[in-house]
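Asker: Here it is, the structure, as structure tokens.
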Amino acid sequence: MASDIQMHESERARRRDFLYRVLVPLANDTKELDMCVSGVTDLIEEHKKCHPSLQQLLDSKHDVHTKKALVLFGLYTLSPFLRFVIERDDACSSAVSLFTHCFLSDHVERFLNGECNVQDFVDNAVVDYICT
């Protein structure tokens with residue numbers, strides 16, 4: 001784990017944001033990501049047959065990109081999960097709201113339409129969140 005001394009001030013500021021920590025976890029520290037994946041999986045499990053890409057995500061949630069994809073998909077489709085993230089004291093609610101309403105839909109649609117793979121979906125969405 002990087003020490004505060006080694007971490008740049010802007011990174012320390014970003015690390016205070018819950019969604020940033022979920023989407024950009026420090027090495028071997030995926031507790032918050034895993035917690036979100038567990039909650040999202042419980043909420044969307046019954047819908048996994050609605051789309052092959054969703055079924056693929058739910059059936060193979062072991063690598064980090066797939067876990068992040070489930071979180072991003074959950075933010076877009078599950079209002080209780082979005083509300084959970086936005087209402088956290090350690091979340092930047094305005095950034096999360098702006099990201100989910102202005103940027104995330106394009107990434108989700110491209111992924112579901114087969115225009116990008118899981119890694120591209122996650123990487124591009126994370127960059128948009130960081131820049132929000």
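Asker: Looking at the stretch 1-43, which of the residues that are outside any loop (DSSP other than H, G, I, E, B), modelled with pLDDT under 85 and of a type in the set (D, E, K, R) is surrounded by the fewest Cβ atoms within 10 Å (Cβ to Cβ)?
Answerer: Of everything passing the filter in the stretch 1-43, E9 is surrounded by the fewest Cβ atoms within 10 Å (Cβ to Cβ).
Asker: For V118, are the conditions met, namely being farther than 14 Å from F18 by Cα, in contact (Cβ under 8 Å) with a residue 24 or more places away in the chain and among the β-branched types (V, I, T)?
Answerer: Numbers: farther than 14 Å from F18 by Cα: yes; in contact (Cβ under 8 Å) with a residue 24 or more places away in the chain: yes; among the β-branched types (V, I, T): yes.
Taking the combined requirement at face value, the residue satisfies it.
Asker: Given the conditions (1) closer than 18 Å to S79 by Cα; (2) surrounded by 15 or more Cβ atoms within 10 Å (Cβ to Cβ), report the number of the one that H101 does not fulfil.
Answerer: (2)
Asker: Can you pull out every residue in the stretch 87-132 that is in contact with a Lys or Arg (Cβ under 6 Å, 6 or more places away or on another chain) and part of a helix (DSSP H, G or I)?
Answerer: Once the filter is applied, which keeps residues that are in contact with a Lys or Arg (Cβ under 6 Å, 6 or more places away or on another chain) and part of a helix (DSSP H, G or I), the stretch 87-132 yields only V122.
Asker: To continue, here is another question. List every residue pair whose Cβ atoms lie under 7 Å apart, where the two residues are 6 or more positions apart in sequence or sit on different chains, the first residue falls within the stretch 45-70 and is under 21 Å from K31 (Cβ atoms), and the second residue, located anywhere, is at pLDDT below 70 and not in a helix (DSSP H, G or I).
Answerer: Matching pairs, first to second residue: K67/K61; L70/K61.
Asker: Next question, about the same structure. Which condition number does K61 fail, the rest of (1) surrounded by 16 or more Cβ atoms within 10 Å (Cβ to Cβ); (2) at pLDDT below 90; (3) basic (K, R); (4) part of a helix (DSSP H, G or I) being met?
Answerer: For K61, the exception is condition (4).
Asker: Need the failing condition index for D123 against (1) over 11 Å from the mean Cα position of the chain (by Cα); (2) closer than 19 Å to R14 by Cα, just the number.
Answerer: With respect to (1) over 11 Å from the mean Cα position of the chain (by Cα); (2) closer than 19 Å to R14 by Cα, D123 is out only on (1).
Asker: For the stretch 99-115, how many residues are closer than 15 Å to H51 by Cα and free of Cβ contacts under 8 Å to residues at least 24 places away in the same chain?
Answerer: Final tally of qualifying residues: 4.
The values are calculated or read from the model by the stated rules, or taken from the named source; none is laboratory data. Since the model is a prediction, treat every value here as computed from it, not as a measurement. Counting neighbours? That spans all protein chains shown, and the Cβs are built from the backbone with ideal geometry, glycine included.
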